[in-house]
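Student: Have a look at the structure that comes next, please.
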Amino acid sequence: MLERALTVLKIAFGLIVYLIKGKYLKLRPIANQPIVSIRQGKLRGISAQLPNGSRYHYFKGVPYAKPPVGDLRFRPPVPLEKFDTPVLDCVVERSDCIQRDLFTNRVVGSEKGLYLNVFTPSIGDESEQRFPVMIYIHGGGFIAGTGSSFFYDPVYFVQEGVVVVTLNYRLGPLGFLSFPSAGISGNAGLKDQLLVFKWVKENISQFGGDPNNVTVFGESAGSISTYLHYLSKNSSQYFNRVICQSGIPSTETFFQTAGDEKARALAKILGYNGSSDAEVLQTLLNAPAEDLIKYQHKVLTPEEKRMGVHFAFMPVIEATESEDSIITETPETIIKSSRSLHKPIIDGCNSGEGILSLFLMNRRVHLGNVDPARFVPIFLKSSKDVDRTELGQQIKRFYFDDKHVNKNTHNELCDVMADNYFITNSVINSEWLAKYQPNVPHYHYRFTFDGQFSLTKKLFNQTHLKGACHGDDVFYMFSPPYLPKLPETSDECSIRRTFVRLWTNFAKYDDPSPDHDKDLQIKWKPISKTNNTSTDFKLECLEIDKVPKMIEDPFPERIKFWRSLLDTHRNNFL
């Protein structure tokens, strides 16, 4: 508890300093501020120093869409055509999208939160060079999160010679209400991200970026979003490659179901007792945004909670293909039926992904003893021939032997939860790409380091558990103001250099470890392709730790176990 409290204090102090600095920048004019002209008008930013002393420029809080309020609520975003001032000051971030804070449960932010931030090594006439562009999509379970540099300051990426764009997108029911019966197709939050891709295509050259060399990357919900854009005809035309960190939606795990019912249930919670879908929609349009966010979790059914569904409003497979639809078929169908995929992809997981689930389960850990069906993952629960109780017992025996599920078996519980939500989904995708997509260069990784930058683990109060926690990888890439100040010779800084170099190499060369990069001490090999009838798949991946190395089939017994369950209960799925 002490370590968690100290981490919270450091973040709180960092936030105070961050806010004071923002107020100072807004109130005190600074000479020679950079100004960039884009189609919507002029932006005034800030010039600052990178860690290596070089100069860079940033523009924060750039509006990219009309505020999605009134009749625009739940709808695809509408591009902003013109700023309402001759020169728009973009020196600090503006509001986050309205959301429920994951740690305090308070409703924070604004419904008018569709902003992006641009960080660039050079603008205007400073350089004839056009830099690769990297667009980062934040995580947060589709209910929380922000693109703010308080969390995702990309100075180490910019230092490697890339332009970075971070963004806000709508969250919870405002971003992911799916109500087809009333004309709401869903995925508004993903469509916000797509509009940012279009904005980058149109405007990023004014910031020194190359609109024809764009990498999209994200973590957790941002990774899931990135992968769906990768599979989307409408989205994929705007970028060249993707990086997916801890979240591949290859199964039902990360998709919303029964959208119409959830919309009706939310309206009922807000006081509507009629039967007209048009009136249900009007109720939701008229409701205060704070109430939609506050009560969203109440639409989950008891069965969904038992199945391990933590978030009610997530992406959906849209019913109709349109000019702004994201995905209208399952990932399985797209990957197995299409030979058109060719863009390179990096994806991977952290070794302790299940620590997140342990945090979300809170005091319900013991329920696995009396109801072992809770150990059955969502991607097996829908199988008609499954005896969920017996299958749950089988899973429990594999991970726990005869041990009771309690505080002494948290490491085992983390393993099963990591496999249920993240690792098995990632391995399934890896095998599909190897079997059905011969033209896709695919690099897989496993992040295993646990060090002083591993703040998520500390916030979850789980530092006694093994592995790299879900979300901790981002602290070894970005530079939030509350990270410990460590010498460049530390393992933490060394891993950050490795991460950033691999990611930016990929953005520049389609290869994270090109032969000419002599600073990297490892050659990251892509996963080998195999015949789609083969049952012999080897997961080749880079283990990112103090000494990076290529490994094969991490956690082999666990991979073998889940493969046998999939072969038994989802015939021909792999």
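The values are calculated or read from the model by the stated rules, or taken from the named source; none is laboratory data. Note that the structure is a prediction, hence the values are computed from the model and not measured. Cβ sites come from the backbone with ideal geometry, for glycine too, and all protein chains shown count toward neighbours. Side chains included, ligands, DNA and RNA excluded: accessible areas come from the protein's heavy atoms. Shrake-Rupley method; radii C 1.70, N 1.55, O 1.52, S 1.80 Å.
Student: Please verify whether the range 340-351 includes one or more residues that are surrounded by fewer than 23 Cβ atoms within 10 Å (Cβ to Cβ), without any contact (Cβ under 8 Å) to a residue 60 or more places away in the chain and more than 18 Å from Thr424 (Cα to Cα).
Tutor: Taking every residue of the range 340-351 in turn, at least one turns out to be surrounded by fewer than 23 Cβ atoms within 10 Å (Cβ to Cβ), without any contact (Cβ under 8 Å) to a residue 60 or more places away in the chain and more than 18 Å from Thr424 (Cα to Cα).
Student: While we're on this one: Residues of the range 429-467 being among the polar types (S, T, N, Q), over 30 Å from Ser534 (Cβ atoms) and not in a helix (DSSP H, G or I), which ones? Break it down stepwise before answering.
Tutor: Taking the range 429-467 and keeping what is among the polar types (S, T, N, Q), we get 429-430, 437, 439, 448, 452, 454, 456, 461-463.
With the extra rule that they be over 30 Å from Ser534 (Cβ atoms), the set shrinks to 452, 454, 456, 461-463.
Passing the criteria: Gln452, Ser454, Asn461, Gln462, Thr463.
Student: What residue, among those in the range 87-120 that are crowded, with 21+ Cβ neighbours inside 10 Å and among the hydroxyl-bearing types (Ser, Thr, Tyr), is farthest from Pro173 (Cα to Cα)?
Tutor: Thr120
Student: Among the residues of the range 295-338, write down those that are open to solvent by less than 20 Å² (accessible area, probe 1.4 Å), farther than 27 Å from Trp432 by Cα and not hydrophobic (A, V, I, L, M, F, W, C).
Tutor: Listed by number, the list holds a single entry, Gln296.
Student: Hey, can you tell me all the residues within the range 256-287 that are under 19 Å from Val107 (Cα atoms) and either at pLDDT below 95 or open to solvent by 70 Å² or more (accessible area, probe 1.4 Å) (or both)?
Tutor: Asn286
Student: Another one. Quick one: Thr253 ticks every box in (1) modelled with pLDDT under 95; (2) not in a helix (DSSP H, G or I) bar one, so which box is it?
Tutor: (2)
Student: Still on this structure, please answer the following. Kindly indicate whether Tyr64 is more than 28 Å from Leu174 (Cα to Cα), touching a strand residue (DSSP E or B) at 6+ places or on another chain (Cβ under 9 Å) and not aliphatic (A, V, I, L, M).
Tutor: The answer is no for Tyr64.
Student: Sort out which residues of the range 331-378 are of a type in the set (S, T, N, Q) and within 19 Å of the chain's Cα centre (by Cα), and write them in order of number.
Tutor: Asn350, Ser351, Ser357
Student: Those residues that are within 19 Å of Gln193 (Cα to Cα) and polar (S, T, N, Q), I need them from the range 308-363; list them, please.
Tutor: Ser322, Ser325, Thr328 - these are the residues of the range 308-363 that are within 19 Å of Gln193 (Cα to Cα) and polar (S, T, N, Q).
Student: Okay, next question. Filter the range 516-538 for residues that are among the acidic types (Asp, Glu) and either in contact with a Lys or Arg (Cβ under 8 Å, 6 or more places away or on another chain) or touching a residue at least 24 places away in the same chain (Cβ under 8 Å) (or both) and give the result.
Tutor: Answer for the range 516-538, where residues must be among the acidic types (Asp, Glu) and either in contact with a Lys or Arg (Cβ under 8 Å, 6 or more places away or on another chain) or touching a residue at least 24 places away in the same chain (Cβ under 8 Å) (or both): Asp517, Asp519.
Student: Only one of these is farther than 22 Å from Ser246 by Cα, in contact with a Leu (Cβ under 6 Å, 6 or more places away or on another chain) and aliphatic (A, V, I, L, M): Ala319, Ala312, Ala278, Ala287. Name it. Walk me through how you get there before you give the answer.
Tutor: Details: Ala319 fails: in contact with a Leu (Cβ under 6 Å, 6 or more places away or on another chain); Ala312 fails: farther than 22 Å from Ser246 by Cα; Ala278 fails: in contact with a Leu (Cβ under 6 Å, 6 or more places away or on another chain).
Of the residues listed, the single one that is farther than 22 Å from Ser246 by Cα, in contact with a Leu (Cβ under 6 Å, 6 or more places away or on another chain) and aliphatic (A, V, I, L, M) is Ala287.
Student: With the structure loaded, tell me whether Asp210 is open to solvent by 20 Å² or more (accessible area, probe 1.4 Å) and part of a strand (DSSP E or B) or whether it fails that test.
Tutor: yes
Student: For residues in the range 431-469 being at pLDDT 95 or above and among the aromatic types (Phe, Trp, Tyr), which is most open to solvent (accessible area, probe 1.4 Å)?
Tutor: Tyr436
Student: Does at least one position in the range 408-415 carry a residue that is out of contact with any strand residue (DSSP E or B) (no Cβ under 6 Å at 6 or more places or on another chain), open to solvent by 10 Å² or more (accessible area, probe 1.4 Å) and part of a loop (DSSP other than H, G, I, E, B)?
Tutor: Taking every residue of the range 408-415 in turn, none turns out to be out of contact with any strand residue (DSSP E or B) (no Cβ under 6 Å at 6 or more places or on another chain), open to solvent by 10 Å² or more (accessible area, probe 1.4 Å) and part of a loop (DSSP other than H, G, I, E, B).
Student: Another question, then. For residues that are of a type in the set (Val, Ile, Thr) and open to solvent by 10 Å² or more (accessible area, probe 1.4 Å), scanning just the range 484-507, find the one that is nearest to Thr215 (Cα to Cα).
Tutor: In this case the residue turns out to be Thr498.
Student: If you check Val69 against the conditions, is it open to solvent by 40 Å² or more (accessible area, probe 1.4 Å) and either in contact (Cβ under 8 Å) with a residue 24 or more places away in the chain or not charged (D, E, K, R) (or both)?
Tutor: Yes; evaluated as a whole, the condition is true for this residue.
Student: Gly145 passes all but one of (1) buried (at least 21 other Cβ atoms within 10 Å of the Cβ); (2) closer than 25 Å to Ile38 by Cα; (3) small (Gly, Ala, Ser); which number fails?
Tutor: (2)
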